[in-house]
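Each reported figure results from applying straightforward, stated rules to the coordinates on display, with no laboratory input. Remember, it's a predicted structure, so these values are computed and weren't measured experimentally. In this analysis, Cβ positions are derived from the backbone assuming ideal geometry, glycine residues included, and neighbour counts consider all displayed protein chains.
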Amino acid sequence: MTSGSPIAPEDAAAPVGFARHDHANCVTGGLSAAEARCTSEGLRFTPVRRKVLEILLHEHRALGAYAILDRLRDAGFGSQPPVAYRALDFLVTNGLAHKIERLNAFIACAHPGEIHAPAFMICRLCDAVAEAQSTPARGALGAAARATGFRIERTMVEAEGVCPACAEKAPEEKRA
């Protein structure tokens, strides 16, 4: 686990996003981890990249590029789509954020600095997203890959359901 990461090592396997936690620490820890990683790897953590990551860290749901662009504009940064897309591309490429394909949106990585196979649990009611680590190479997907001679290089699992907060608000949704 990277120093300054928003998750304690003993909680690394636990999903992040649905649990109650110190959100201010989550944001500052995530930014500190990103700054340390960029410094150690010689990456340019520009003000716009930092702001995009900060925007993502403030949410535990995925945000689309245009929602991020609106927030960048409100913060005094550029208002052209390439501004957001370039920053998002940097963050995703360097493992500081993930793209949630199902939502065509982005979320800050809960495990920056780690090589991991993220699994995302997406609430179909509020779009909250929790990130957990998965081990697809050890499960059914890994067995299928081995049986066909396929070598898995990257996986991201996306599961859709109802988060605890929404289930609590609408118990009938649990059965849906």
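Assorted remarks:
- Judged by the ratio a/c of the largest to the smallest principal axis of the C-alpha gyration tensor, region 19-123 counts as rounded, that ratio being less than 1.5.
- Less than 5 angstrom separates the built amide H of ALA97 from those of VAL92, CYS109, all sequence-distant by 5 or more or on a different chain.
- Cα-based shape type of region 58-115, given that a ≥ b ≥ c are square roots of the gyration tensor eigenvalues and the cut on a/c is 1.5: prolate
- One Cα centroid belongs to region 24-38, the other to region 64-96; the line between them spans 18 Å.
- The equivalent ellipsoid that matches the C-alpha gyration tensor of region 69-176 spans semi-axes of 28, 24, 11 angstrom, in descending order.
- Loop-located trypsin sites (Lys or Arg not before Pro) across region 84-154 with a Cβ neighbour count of 10 or fewer within 10 Å are ARG138, ARG151, ARG154, with loop assigned by DSSP.
- Among the GluC sites (Glu not before Pro) found in region 70-176, those both in a DSSP coil and sparsely packed, with 12 or fewer other Cβ atoms within 10 Å of their Cβ, are GLU153.
- Couplings 3J(HN,Hα) of region 140-149, computed from phi: 4, 5, x, 5, 5, 5, 4, 5, 9, x Hz, in residue order, whole Hz [Karplus 6.51 cos²θ - 1.76 cosθ + 1.60, θ = phi - 60°; x for Gly and Pro].
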